[in-house]
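Readers should treat all values here as calculations from the given coordinates under stated rules, not as data from a laboratory. All values derive from a computational prediction rather than experimental measurement. Every residue, glycine as well, gets a Cβ built from its backbone with ideal geometry; the counts of neighbours run over all protein chains shown.
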Amino acid sequence: MTNNDTLLEMFRLMVFSRTLDRVYGEHDGHWHGLEGEEAVVAGVYYGLRPTDVLAPHYRGMPVASYAKGADLRKLLAGMLAKKTGYNRGRHRNDICGPPEFNLIGLYTGSLGPSLGYATGAALAAKLDDRDDIAVAVFGDGVSSRGDCHESMNLAAVQKLGVVFVCQNNQYAISTTTEAGVAGVIAKRAEGFGMPGIQVDGNDVLAVRAAMDEAVLRARSGAGPSLIEALTYRVAGHFYSDREDYRDPELVERWRKRDPIKRYRAHLLDNDVLDEHGLSAIETEAAMQIECAFEKALSDPPPDLEDLGIDAVYAEGASE
Ligand SMILES: Cc1ncc(C[n+]2csc(CCOP(=O)(O)OP(=O)(O)O)c2C)c(N)n1
């Protein structure tokens with residue numbers, strides 16, 4: 001299914017994500033970390049075409065942007081609301097990826113609509129006779145929204161090339177999935193007549209295998225699929241979360257199932273790379289992110305002229 005380059009690129013993305021959590025999370029108590037969920041983002045965001053449209057879950061947006069080709073320094077500058085960011089400090093790159101990479105962000109702050117936008121992008125591809133696909137990623141909390149059901153229904157009726165991925169980390173802020181979600185999310189696919197599968201979201205290879213199948217189906221014109229990647233949010237909802245709604249022992253149990261440690265052991269056991277090579281990837285990620293972050297911190301804030309709207313009207317429309 002996967003060659004060594006792919007296996008290592010996914011490891012790089014997981015390490016990138018964990019390192020970003022450490023470096024950026026220390027700076028911003030409002031940071032919505034991804035610790036424990038790295039296998040989902042690496043398995044889903046790796047290997048999409050530049051022309052594929054990606055509507056990532058807001059938690060993990062910078063990893064999606066990076067995987068789609070965004071420049072790290074500019075991305076971090078955007079997260080810090082600097083003039084040098086992709087949209088000159090007007091959107092938060094922690095929840096809005098640069099649109100030039102065909103990323104759909106959480107522009108209004110409302111969770112759910114991005115599923116409809118991704119479905120619309122797949123409809124546009126079908127109408128234009130392109131085999132580009134759309135990937136829509138959302139949390140277990142968002143799975144209860146009407147947008148989710150409406151998008152799945154339209155995608156299934158029209159046989160659109162959408163891969164729906166539920167990043168089920170078992171919480172919507174302090175509400176557990178048992179308290180907020182009826183039944184098994186993956187099983188809802190059956191009601192829409194599309195394939196649905198629940199995979200171990202702490203196993204990047206299982207996530208990737210499900211993605212490979214769903215992407216193939218979407219690109220071939222056979223229609224949408226739903227993947228539920230079951231994982232666990234070991235960090236707080238955001239970094240200053242008091243987490244008084246859950247038992248610390250449960251968190252510790254899930255920490256022991258760390259997706260990065262598990263995948264690292266797999267790469268070593270299967271001679272994909274030795275200890276020295278894997279440590280070099282980790283050191284390189286730390287150096288790149290720390291260095292880019294330090295530089296972005298000293299960038300200037302937006303000027304007044306950066307803050308108005310643009311790219312709204314067609315050329316010459318004001319004349
Ligand atoms: C429509 C809407 N309702 C509520 C919120 C507030 N909110 C922000 S994050 C969040 C939790 C979402 O849970 P989930 O989809 O499981 O994603 P997670 O945060 O667990 O990754 C909520 C309710 C929102 N942004 N949009």
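Assorted remarks:
- Counted by neighbouring Cβ atoms within 10 Å, the residues Lys256, Lys261 run from fewest to most as Lys256, Lys261.
- Reciprocal of mean inverse Cα separation for segment 68-190 (Kirkwood radius, Å): 15.8 Å
- Expressed to the nearest 5 percent, the antiparallel share of DSSP beta bridges inside segment 4-301 is 10 percent.
- The ranking of Val162, Val215, Val199 by Cβ neighbour count inside 10 Å, starting from the fewest, reads Val215, Val199, Val162.
- Compactness index (Cα Rg / 2.2 N^0.38 Å), segment 92-157: 1.13
- Three principal axis extents of the chain based on alpha-carbon atoms, in descending order, are 65, 51, 42 Å.
- Ranked for footprinting exposure by Cβ neighbours inside 10 Å, fewest first, Arg22, Arg233 give Arg22, Arg233.
- Length gained when the stretch Arg242-His30 is fully extended (0.36 nm per residue, less Cα-Cα span): 75.1 nm
- Loop sites here are chymotrypsin sites (Phe, Trp or Tyr not before Pro) outside DSSP states H, G, I, E and B with no more than 15 other Cβ atoms within 10 Å. The longest part of the chain free of them is 108-237.
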